[in-house]
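Taking it in order: structure first as structure tokens, then the write-up.
The values are calculated or read from the model by the stated rules, or taken from the named source; none is laboratory data. Just so it is clear, the model here is predicted, and its values are computed rather than measured. Please note: Cβ atoms are built from the backbone with ideal geometry, for glycine as well, and neighbour counts cover all protein chains shown. Side chains included, ligands, DNA and RNA excluded: accessible areas come from the protein's heavy atoms. Shrake-Rupley method; radii C 1.70, N 1.55, O 1.52, S 1.80 Å.
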Amino acid sequence: MTDTTVATLCFVLIGWFITHLFSEARERRKELRTNIDKLHDAIYKIEKDAVSFHCATEFSEDLNDDVILQMAIIERKLSRIIKSSDLAGNIIRLRRSITLENFDKTGFTRQPRRSNIVYSISSACQDIEDELEAAYRRKYPDRFPYFTWF
């Protein structure tokens, strides 16, 4: 083989490797974006259901159980996407905002839409969504090379 043939072969292999690297990163980015979008939907649903539960005229055992189940599902999905240590405080805050007050049958009272409980639920959901988006931007920045190496 001549030097030009070896050089050409090296350039082709390097070009293929770089193309492959960026294609893989793009696919991972798309998969993560899809999972985050699904999580946004789940967070919106738990927020809606938790607010409906607290603002209901009477205690609903079914909605109570559904909100607890949704919380567990969201926590499991979050742990697959982002390090749990990054979101631990926000997850605890969401769980507390939903279940700490007015969540058992004996102490249930209807909450107005502008109550502190409703506000804290919405705020905790927004904080989780913000942290998800921040983690996504850290992993896949808007500038070249559009992903982090490590």
Check: Taking the Cα atoms only, what angle lies between the long axis of helix 84-99 and the longest principal axis of the chain, rounded to 10 degrees?
Finding: 20
Next item on the list: Write down, largest first, the equivalent ellipsoid semi-axes of the range 1-80 in whole Å, where each equals the square root of 5 times an eigenvalue of the alpha-carbon gyration tensor.
Entry: 55, 9, 5
Item checked: Karplus (6.51, -1.76, 1.60) ³J(HN,Hα), θ = phi - 60°, over the range 59-72, in Hz, Gly and Pro reported as x -> 4, 10, 4, 5, 5, 4, 5, 5, 5, 5, 5, 4, 4, 5
Next item on the list: Can you work out the accessible area per residue across the range 38-110, with the rest of the protein chains kept in place, probe 1.4 Å, in square angstrom?
Entry: 59
Checklist line | Mean Cβ neighbour count within 10 Å, used as a protection proxy, ranking 38-46, 19-27 highest first | finding: 38-46, 19-27
Notebook entry, point to check: So if we plug the beta-carbon distance of ARG80 and ALA56 into 1/(1 + (r/R0)^6) with R0 = 30 Å, what FRET efficiency do we get, rounded to 0.05?
Noted result: 0.40
Checklist line | Taking the convex hull of Cα positions in the chain, its mean projected area over all directions (nm²) | finding: 11.2
Notebook entry, point to check: Hey, got the dipole for the range 1-110? About the Cα centre, +1 on K and R Cβ, -1 on D and E Cβ, debye to the nearest 20?
Noted result: 300
Next item on the list: Quick one: of LYS38/LYS105; LYS45/LYS139; LYS48/LYS83; LYS45/LYS77, which pairs are farther than 23 Å apart, Cα to Cα?
Entry: LYS38/LYS105; LYS45/LYS139; LYS48/LYS83
Check: How big is the gap, in Å, between the Cα center of the range 70-146 and the Cα center of the range 45-60?
Finding: 16
Check: Hey, if you put +1 on the Cβ of every Lys and Arg and -1 on every Asp and Glu Cβ in the range 29-150, which of GLN111, PHE59, ILE81 ends up farthest toward the positive end of that dipole?
Finding: ILE81
Next item on the list: Rounding to the nearest 20 debye, state how big the charge dipole of the range 34-87 is about its Cα centre with +1 on each Lys and Arg Cβ and -1 on each Asp and Glu Cβ.
Entry: 440
Item checked: Candidates LEU94, LEU78, LEU13: whichever shows maximal mean-square fluctuation once the chain is modelled as a Gaussian network with Cα springs under 10 Å -> LEU13
Item checked: Crossing angle, helix 3-55 versus the chain [Cα axis fit, 0-90 degrees, rounded to tens] -> 10
